[in-house]
Amino acid sequence: TGSADVGTTVYATAKDYSSEGYHENETHANRVPSGPVAGDNSLVLKLYYDLDVLGYTVVYWKDNMETEENKLGTDTGTGTLGMTIPYDTDGTRAPDGYNKTGTLNGQTTITAVTENNVLNVIYSRRGDLGYTVRYWKDSISEDDSNLLGTDTGAGPLGATIPYTDGKYLPTGYVTPGKVEGQTTITAVTENNVLNIIYSKNSNLGYTVRYWK
């Protein structure tokens, strides 16, 4: 508000609201930036402000944000102040063997400061990937005739498949067993098969007795 002599042309002074995410719309149909003062105080100056178009960035990670090697990709876009920053909620950016739901870190809604509008989505490794350990004597046989026993379990991607050397060990065989197959857990469960193969003890003593 203000005062001036009747007939005096007065001007509205635009304020800077850029820090709050707004800018003046100088082409608004109802804009009245100036005019002569009326004797009945009917003059109303009008300025209109629109929301700014503000940028945002979404960065996808695996495991953590500690190294660039863990970065999976980056998306950018624009929106308005207060809008929720969109990201892949379906987990299509998650690598095989990782949980589809990512942990969010950073800014989840758009602010007036573009460089602050960074959302990080971090995917963690699944802990339910199955594995199988098979124990054999002599060799791996297609008909499983040499199979001594089978253990199964689950663990996270990249973990070492655990086994117990000497388990199911038959009499006359020795440890350590020979290790063959997959030693760490992969994203493909059917590939996570570790074989432990025991060989015969070649140092068994014997006695020969001669009689008359």
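The values are calculated or read from the model by the stated rules, or taken from the named source; none is laboratory data. Given the structure is predicted, the values throughout are model-derived calculations rather than measurements. Cβ atoms come from the backbone with ideal geometry, glycine included; neighbour counts cover every protein chain shown. Areas reflect the complete protein model, heavy atoms only, side chains present, ligands, DNA and RNA absent. Shrake-Rupley method; radii C 1.70, N 1.55, O 1.52, S 1.80 Å.
In the range 78-88, which residue that is exposed (fewer than 14 other Cβ atoms within 10 Å of the Cβ) and either modelled with pLDDT of 95 or more or among the aromatic types (F, W, Y) (or both) is farthest from the chain's Cα centre (by Cα)? First the steps, then the outcome.
In the first step, residues of the range 78-88 are kept if they are exposed (fewer than 14 other Cβ atoms within 10 Å of the Cβ); the result is 78, 80, 82, 84, 86.
With the extra rule that they be either modelled with pLDDT of 95 or more or among the aromatic types (F, W, Y) (or both), the set shrinks to 78, 84, 86.
Details: T78: 22, T84: 18, P86: 14 Å.
Per the criteria, the residue is T78.
State yes or no: is S145 of a type in the set (S, T, N, Q), more than 12 Å from Y198 (Cβ to Cβ), open to solvent by less than 40 Å² (accessible area, probe 1.4 Å) and more than 40 Å from the chain's Cα centre (by Cα)? Let's see the steps before the verdict.
Details: of a type in the set (S, T, N, Q): yes; more than 12 Å from Y198 (Cβ to Cβ): yes; open to solvent by less than 40 Å² (accessible area, probe 1.4 Å): no; more than 40 Å from the chain's Cα centre (by Cα): yes.
For S145, the condition - of a type in the set (S, T, N, Q), more than 12 Å from Y198 (Cβ to Cβ), open to solvent by less than 40 Å² (accessible area, probe 1.4 Å) and more than 40 Å from the chain's Cα centre (by Cα) - is not met.
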* Scan of the range 190-209 for residues that are of a type outside the set (D, E, K, R) and either over 54 Å from the mean Cα position of the chain (by Cα) or modelled with pLDDT under 95 (or both), ordered by number -> N201, S202, N203, L204, G205, Y206, T207, V208
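Residue by residue, here is whether (1) touching a helix residue (DSSP H, G or I) at 6+ places or on another chain (Cβ under 6 Å); (2) more than 20 Å from A112 (Cα to Cα); (3) exposed (fewer than 12 other Cβ atoms within 10 Å of the Cβ); (4) not hydroxyl-bearing (S, T, Y) holds:
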| position | (1), (2), (3), (4) |
| --- | --- |
| K15 | no, no, yes, yes |
| E24 | no, no, no, yes |
| V32 | no, yes, no, yes |
| L43 | no, yes, no, yes |
| Y48 | no, no, no, no |
| T57 | no, no, no, no |
| E66 | no, yes, yes, yes |
| G73 | no, yes, yes, yes |
* Asked: Is the range 169-182 home to any residue that is touching a Lys or Arg at 6+ places or on another chain (Cβ under 6 Å), in a strand (DSSP E or B) and loosely packed, with under 14 Cβ neighbours inside 10 Å?
  -> no
* Asked: Of the conditions (1) in contact with a Ser or Thr (Cβ under 7 Å, 6 or more places away or on another chain); (2) part of a strand (DSSP E or B); (3) on the phi > 0 side of the Ramachandran plot, G73 fails just one. Which one is it?
  -> (1)
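Return yes when T74 is more than 16 Å from S124 (Cβ to Cβ) and either modelled with pLDDT of 95 or more or over 11 Å from the mean Cα position of the chain (by Cα) (or both) and no when it is not. Show your work before the answer.
Numbers: more than 16 Å from S124 (Cβ to Cβ): yes; either modelled with pLDDT of 95 or more or over 11 Å from the mean Cα position of the chain (by Cα) (or both): yes.
Taking the combined requirement at face value, the residue satisfies it.
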